[in-house]
Every structure is written in C-alpha cells, then in structure tokens.
Amino acid sequence: VQLQASGGGLVQAGDSLRLSCTASARTFSNYALAWFRQTPGKEREFVAAIRQTFSTPRYGDSVQGRFTISRDHAKKTVYLEMNSLKPDDTAVYLCAARPVALGYSTSAGSYESWGQGTLVTVSS
C-alpha cells in the first residue's frame with residue numbers, strides 16, 4: 001500500500017495541527033495504521049496507532065492525552081489531531097501500515113509500508 005502524508009507546518013507552542021495520511025489500498029480496512037515521528041540522529045518514535053475505526057487506539061506516553069488518531073474509510077485516510085503542541089513535538093511525522101490481522105505495534109520495524117513524512121515544527 002502506498003501512503004501519502006500531509007498537513008505539517010510551522011506552529012507555535014500550544015497550537016493545534018492535524019496531519020493526514022491517505023492510502024492507495026483498494027481495501028483500506030485491511031490495514032492497521034500508525035504514526036511515528038523522527039528527529040535527526042534518533043530512531044523513529046511511536047506516536048499512535050489504530051486498528052479498526054471503532055477499536056481502541058494506542059498512544060505513545062509523550063503524546064497521550066494531547067494527540068488523537070482516527071481513520072475515515074470512505075476517504076481512505078488516517079488523521080492525527082495534535083493539540084497543546086510543544087517544541088519537543090518537532091519532528092518529521094510518518095504514517096505506516098501493516099496488515100490489520102497482525103494488530104497494531106509500537107515497533108517501527110514491524111510496519112511494511114511507509115509514507116514520505118511531513119515536517120512539524122513547533123516554536124517556543
């Protein structure tokens with residue numbers, strides 16, 4: 001499946017931003033979807049994942065309570081709503097997919113498809 005992320009930009013601390021990731025898959029529901037983020041010299045950090053539309057999402061500790069992941073099957077898109085942004089949230093955000101039968105994972109290495117990433121910069 002091909003993934004296309006968008007929505008990044010430059011915001012101030014405390015602002016909100018919504019990222020989108022659109023999939024090319026014929027059967028969008030066949031995939032569990034996740035967001036990771038990466039800064040130079042560091043490994044990809046798990047941000048959030050969702051399996052099915054009404055399943056319970058999972059979040060990384062650093063974004064729990066501030067970020068919300070959701071998916072729209074009609075638009076074949078997964079969203080990441082980011083609130084109360086902090087300078088530490090500055091990173092390239094990447095969306096990823098893996099077969100839904102495997103569930104979601106917090107490990108970047110377990111995802112088979114990746115989007116190109118979108119840069120989020122949070123100024124203080």
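A quick yes/no check of all residues on (1) among the small types (G, A, S); (2) out of contact with any helix residue (DSSP H, G or I) (no Cβ under 8 Å at 6 or more places or on another chain):
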site: P57; (1), (2): no, yes
site: I69; (1), (2): no, yes
site: S84; (1), (2): yes, yes
site: L94; (1), (2): no, yes
site: P99; (1), (2): no, no
site: L102; (1), (2): no, no
site: S110; (1), (2): yes, no
site: W114; (1), (2): no, yes
site: T118; (1), (2): no, yes
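I'd like the full set of residues that are open to solvent by 10 Å² or more (accessible area, probe 1.4 Å) and β-branched (V, I, T), limited to the range 78-103.
T90, V92, V100 - these are the residues of the range 78-103 that are open to solvent by 10 Å² or more (accessible area, probe 1.4 Å) and β-branched (V, I, T).
Select, from R66, R37, the only residue that is among the basic types (K, R), out of contact with any Gly (no Cβ under 8 Å at 6 or more places or on another chain) and surrounded by fewer than 16 Cβ atoms within 10 Å (Cβ to Cβ).
Result of the check over R66, R37: R66.
Looking only at the range 34-46, count how many residues are in contact with a Ser or Thr (Cβ under 8 Å, 6 or more places away or on another chain) and closer than 11 Å to I69 by Cβ.
1
Within the range 104-115, can one find any residue that is hydrophobic (A, V, I, L, M, F, W, C), open to solvent by 20 Å² or more (accessible area, probe 1.4 Å) and either free of Cβ contacts under 8 Å to residues at least 40 places away in the same chain or over 17 Å from G8 (Cα atoms) (or both)? Explain how you work it out, then say what you get.
Going residue by residue through the range 104-115, those that are hydrophobic (A, V, I, L, M, F, W, C) are 108, 114.
Still in the running and open to solvent by 20 Å² or more (accessible area, probe 1.4 Å): 108, 114.
Still in the running and either free of Cβ contacts under 8 Å to residues at least 40 places away in the same chain or over 17 Å from G8 (Cα atoms) (or both): 108.
Taking every residue of the range 104-115 in turn, at least one turns out to be hydrophobic (A, V, I, L, M, F, W, C), open to solvent by 20 Å² or more (accessible area, probe 1.4 Å) and either free of Cβ contacts under 8 Å to residues at least 40 places away in the same chain or over 17 Å from G8 (Cα atoms) (or both).
How many residues are in a loop (DSSP other than H, G, I, E, B) and open to solvent by 20 Å² or more (accessible area, probe 1.4 Å) if we restrict to the range 1-34?
Count: 11.
Does the range 37-53 contain at least one residue that is under 14 Å from V100 (Cβ atoms) and of a type in the set (D, E, K, R)?
There is at least one residue in the range 37-53 that is under 14 Å from V100 (Cβ atoms) and of a type in the set (D, E, K, R).
The values are calculated or read from the model by the stated rules, or taken from the named source; none is laboratory data. Every value quoted in this text rests on a predicted model; they were computed, and no experiment measured them. Glycine also receives a Cβ, built like all others from the backbone with ideal geometry; neighbour counts cover every protein chain displayed. Remember, those area values only see protein heavy atoms, side chains included, never the ligands or the DNA or RNA. Shrake-Rupley method; radii C 1.70, N 1.55, O 1.52, S 1.80 Å.
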